[in-house]
Amino acid sequence: MSDISSHGGSGGGPSGRIGIGLDLDATHLKILEVLRENGRISVSSLAERVGISRANAYTRFEALRADGAIKRFTAEIDHVRTGLGITALIFVTVRQQMWRQFRAELARMPEVEYCAITTGQHDAMIQVRMADVAEVHTMVTDRLANIPAVKATETVFILDEVLRRPYVLPSDRDRERTRAPRRTVQEEQRGDVPLGKMRFVGAAEGRAALRKDD
């Protein structure tokens, strides 16, 4: 999208103020939904998917970037293919008077993918990706444990990353609310099954119905 230029544009729908002055409306959210699927989509295709003109797509995209709603574009990689198949979460208890040292030491660890200050039993959570379990063990025992700011650690290995979204949007939640409610087990058992769908009957229930017919 490097060829996007600035044009005037407008849009309706509910809005919420973000960044330094952009009113984020339903069309902006739709643009972000499309970009979540393909960040390299052409402007023409983006406009078609969102249902707006190409000029409007240019304007809105540039506004999202200028306002900071879109911070950057990056690639999503397969960590196993790059040789970093082990992922671990390290929960750290930090000596409260030494937070500055902790942050500085952490910034010098290239294997750290993510760190957040948390509430609860621990003070911070670190996510690392490494080649094997031994590397994680070495990092925790030889490097983290030797930082004076670190009081204690607890390591949890991730067995399977079930779900990872690039980002979530308010429109995701709104769309889920408008979907038809799921049928409960009791509703399925009552037999009022919509046309074209099947209802599975348990063995005990089926035998009881046969005896009743006899």
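Given a 1.4 Å probe and the protein chains all in place, what does the accessible area of residue 77 round to, in Å² to the nearest 10?
So the heavy atoms of residue 77 present about 90 Å² to solvent.
Pulled fully out, how much extra length does the chain show between residue 26 and residue 157, if you take 0.36 nm times their separation in residues and subtract their Cα-Cα distance?
43.2 nm
Name the trypsin sites (Lys or Arg not before Pro) in region 84-118 that are in a loop by DSSP and that have at most 15 other C-beta atoms within 10 Å, would you?
Passing sites in region 84-118 are 95, 108.
The values are calculated or read from the model by the stated rules, or taken from the named source; none is laboratory data. None of the values given here were measured: they were computed from a predicted structure. Positions of Cβ are generated from backbone atoms using ideal geometry, with glycine treated the same way; all protein chains shown enter the neighbour counts. Each accessible area value is taken on the protein alone, full model and side chains, heavy atoms only, with ligands, DNA and RNA left out. Shrake-Rupley method; radii C 1.70, N 1.55, O 1.52, S 1.80 Å.
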